[in-house]
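Everything on this sheet refers to the single structure shown next.
The values are calculated or read from the model by the stated rules, or taken from the named source; none is laboratory data. Computed from a prediction, not measured in an experiment: that's the story for all the values here. Every residue, glycine among them, receives a Cβ derived from its backbone with ideal geometry; neighbour counts consider all protein chains shown. Heads up: the accessible areas ignore ligands, DNA and RNA and are worked out on the full protein's heavy atoms, side chains in. Shrake-Rupley method; radii C 1.70, N 1.55, O 1.52, S 1.80 Å.
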Amino acid sequence: LAGKKMVALDCEMVGTGPKGHTSSLARCSIVSYSGDILYDEYIRPPCKIVDYRTKWSGIKKEHMINATPFKVARREILKILLGKIVVGHAIHNDFKALHYFHPKPLTRDTSRIPILNSRAGFPENESISLKRLTKQLLQQDIQVSGWDGHSSVEDAKATMDLYKLVEVEWEQQLARSPPSQE
């Protein structure tokens, strides 16, 4: 049951605005509970890209040629997220780039799940990178594609796989002490 209602989200950002300091959405990937790709598009920000951040984002100029305009993409993405539990790593950054707030009770942030950290042997209340958690718990190397930067599909799948490792335990904990609404 939970599976149908749950997706993992990962976004890649580029730099816009003065000195490229603003993070703008340039790619968004959404995978299902079982890891199927539900959405994966390059997205053209509404303002000029100052820094492609290719080393991290994997985004290059040519990706923007046929990219989906932000407004269109955002509408499509929010339609998929509506009413679902959304899993992500430091997911507030993704929501911010989407200009969106997802309901807190429907959000699962793998950078803030103490039992996930402790299972990996990390301090419970530290924010551990997706790369390190994935290496430790799934024995997978992600984000190693050299000059190509990150793959948001790969990251979204890894996030969902991490979540599944502690899903039963974590959902029981949440049921006992639900997060506040804000």
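So how do 7-18, 93-104, 41-52 stack up, highest first, on mean other-Cβ count within 10 Å?
Sorting 7-18, 93-104, 41-52 by mean packing, highest first, produces 7-18, 41-52, 93-104.
Going through the cross-link list LYS61/LYS84; LYS79/LYS157; LYS5/LYS61; LYS5/LYS135; LYS96/LYS135; LYS19/LYS79, which pairs have a Cα-Cα distance over 24 Å in this structure?
LYS61/LYS84; LYS5/LYS61; LYS5/LYS135; LYS96/LYS135; LYS19/LYS79
What are the aspartates and glutamates whose alpha-carbon lies under 20 Å from the alpha-carbon of LYS48, with same-chain residues fewer than 8 places away excluded?
The qualifying aspartates and glutamates are GLU12, GLU62, ASP94.
Collect residues whose amide H, placed 1.01 Å from N in the peptide plane, falls under 5 Å from the amide H of TYR39; neighbours closer than 5 in sequence don't count.
ILE30
Calculate the FRET efficiency for GLN140 and GLN172 from the Cβ-Cβ distance with a Förster distance of 30 Å, rounded to the nearest 0.05.
0.70
Residues with amide H under 5 Å of TYR33's amide H, sequence separation 5 or more or different chain, H placed in the peptide plane at 1.01 Å from N; which?
Placed amide hydrogens put MET6 under 5 Å from TYR33.
Under 25 °C and 0.890 mPa s, how fast does the chain diffuse according to Stokes-Einstein, given a Kirkwood radius computed over C-alpha pairs? Answer in µm²/s, whole number.
Once the numbers are plugged in, D ends up at 146 µm²/s.
Using a 1.4 angstrom probe on heavy atoms only, work out the carbon and sulfur share of the accessible area of the chain in %.
Within the chain, the accessible surface is 55 percent carbon and sulfur.
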